[in-house]
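Read-outs throughout are calculated quantities, based only on the coordinates presented, and are distinct from any laboratory measurement. These numbers were taken from a predicted model, which means no experiment stands behind them. Backbone-built Cβ (ideal geometry, glycine too); neighbour counts: all protein chains shown.
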Amino acid sequence: MNLLRLHKSLSSLFLVTILSLALIGFSHQIALATTGKTAITNTSKVANRYLPEVLSWTLESAPDYYKILGESEILESSFPSKGQIVYDGLDSLGRTLAARGTLTFNNVLGSYRIRKNFKRNKSETLSGWLGNKNGDVYVIKGLAGDSYKGYFWNKSHLIADSLGGDALRVNAITGTRTQNVGRRSGNGGMRYTEIKAQKWLEAHPDGHLYYEALPIYQGSELIPRAVIVSVLSSDSAINEKVIVYNTANGYTIDYNTGRFTANQ
């Protein structure tokens, strides 16, 4: 009889434990689901800080589509453990939020000779993405005849695949070609910090580097006006905040729809 009671007690305890774990998991799912509604407010507050700078862009002031704003202002405690990358997900409008990682040489090493492709399905479609029609070629003029000729839009990584970033909606935005790589040389735009970070990690295989990319939206627009990239290396040799402008010289962009027209 005592053994039977013990068996029943253990069974009851096991059932309670399982139910408790299920409730914890359910609560966690709810917390994740409500993150977007909070994030849209937070995104607007951050955007207000940078929008004046975003809207002041001219080709003469930033011909490579980026500008160094100052030191990174990175809070190390808000970053994941070494080698990890986290994505803040999407807000209630389906817009990509921030991505951040504590990058090491292994993140770079794992990306060598690997090019991950974005999935072509509805759930992975970037906000504001219309794509590029085959055969459509556009000219984006630079200074002194330095012009780009090709597709207008790119799926622009927040944390580059060369730094271990994933080809996922939560790690990319609808970006102009010039936002992605700058002028024709391909060393500007988001590539400026990506190249700098990769070179540092390759030169310091035992170090780590904090890297954050934050899209800046104006109001309820679906395409960001800019991305703020903050980088801090463990030796502080790199410590900067960079604004990358999501625009294209000679074109007017509708940041709600992704449509654009050439200026007359």
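Both the radius of gyration and Dmax for region 39-262 are 16.5, 48 Å, in that order, over alpha-carbon atoms. Taking 0.36 nm per residue of separation and subtracting the current Cα-Cα distance, fully stretching the chain between N239 and S147 would add 30.0 nm. Distance between the 7 Å Cα→Cβ label points at N121 and K45: 3.6 nm.
Partners of K241 within straight-line reach, counting lysines whose Cα lies under 28 Å from its Cα and excluding those fewer than 8 residues away in the same chain: K37, K45, K67, K82, K116, K141, K155, K196, K199. Highest average first, the peptides 137-146, 59-68, 178-187 ordered by how many other beta carbon atoms sit within 10 Å of their residues are 178-187, 59-68, 137-146. Once C-alpha pairs closer than 8 Å and six or more residues apart are averaged by separation and normalised to the residue number of region 39-262, the relative contact order reads 27 percent.
How far is it, in nm, from the label point at S77 to the one at L130 when both lie 7 Å from their Cα along the line to the Cβ? Label-label distance for S77 and L130, simple model: 4.6 nm. Separation of region 109-157 and region 44-76, taken as the distance between their Cα centroids, equals 22 angstrom. Taking a ≥ b ≥ c as the square roots of the eigenvalues of the Cα gyration tensor of region 185-264, is the shape rounded (a/c under 1.5), prolate (a/b larger than b/c) or oblate? In terms of gyration-tensor shape, prolate.
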